[in-house]
Amino acid sequence: MRVIVPAAEGRAVKVGAGQRVRVTDLEGGQVGDLFAFAADDPAEQLSASHTRAATSRLFPAVGEQFVTDRRRPILTLVGDTSPGCHDMLIAACDPERYRALGVTGFHASCADNLRRSLASLGLATPRTPQPVNLFMRIPVSGDGRLSWLSAISRPGDAITFEAAVDCVLAVSACPQDLVEINGHRPTPLAIDLLSDHEHQPRSE
């Protein structure tokens, strides 16, 4: 099953334990904010900070697990055909972020996209967890400074996860068009729920 995530919007899907799900950058250069929630208790959420503690890494690598705020595995990164740049440091964009960048009036945000996508499944979260920012390129220099660079994922590049537990996965095609991360032009993503027989390349 394929779900298209339109540019600057979000979508959520239910994923069963052991099922694989692929997120594809359809046109290239697009960041996707990934969130995951335990199906039996959505208050338990994928936690970037707990994952960093579990893996002792700033950024995810194929074969490693993402854990929740209860330190329980929720997703495993099983395949990545992109250049491998994914961020676990930056918060989801929200209305306050755009106001700080000088926006007046409404601007789509990953925080709002998460809320709307969960609502489509009858779910809600009282806060916006820190996402895993797929395809987002935020290198850390030796002195600790961050650089906000454009995504270098190519059309068709994809990252694949396997669910460790029944969960709800939400993806926002980040609406950010005021800094460089999406090349100032948000584009769509796709979520594919994969059947057992579909081939899963680990990496390129």
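The values are calculated or read from the model by the stated rules, or taken from the named source; none is laboratory data. Since the model is a prediction, treat every value here as computed from it, not as a measurement. Using ideal geometry, Cβ is built from the backbone for each residue, glycine included, and neighbour counts are taken over all protein chains shown. SASA here: full protein model, heavy atoms, side chains in, ligands and nucleic acids out. Shrake-Rupley method; radii C 1.70, N 1.55, O 1.52, S 1.80 Å.
Data table
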read-out	value
Residue 58 vs. criteria under 13 Å from residue 168 (Cα atoms), open to solvent by 10 Å² or more (accessible area, probe 1.4 Å) and either β-branched (Val, Ile, Thr) or in a loop (DSSP other than H, G, I, E, B) (or both)	no
Tally of residues being open to solvent by 20 Å² or more (accessible area, probe 1.4 Å) and of a type outside the set (Lys, Arg) across the stretch 1-21	11
Residue match in the stretch 108-124 (condition: in a loop (DSSP other than H, G, I, E, B), closer than 21 Å to residue 182 by Cα and open to solvent by 10 Å² or more (accessible area, probe 1.4 Å))	yes
Hits in the stretch 22-36 (condition: surrounded by fewer than 24 Cβ atoms within 10 Å (Cβ to Cβ) and either over 19 Å from residue 78 (Cα atoms) or touching a helix residue (DSSP H, G or I) at 6+ places or on another chain (Cβ under 9 Å) (or both))	26, 27, 28, 29
Residue 142 vs. criteria touching a Ser or Thr at 6+ places or on another chain (Cβ under 7 Å) and assigned to a loop (DSSP other than H, G, I, E, B)	no
Hey, residue 59 in contact with a Pro (Cβ under 7 Å, 6 or more places away or on another chain) and on the phi < 0 side of the Ramachandran plot or not	no
Single unsatisfied condition, residue 48 versus (1) open to solvent by 10 Å² or more (accessible area, probe 1.4 Å); (2) in contact (Cβ under 8 Å) with a residue 12 or more places away in the chain	(1)
Which numbered condition residue 102 fails, given (1) at pLDDT 95 or above; (2) closer than 20 Å to residue 134 by Cβ	(2)
Inter-residue pairs, beta-carbon under 9 Å, first closer than 16 Å to residue 44 by Cα and in the stretch 106-127, second of a type in the set (Asp, Glu), 6+ apart	114/33
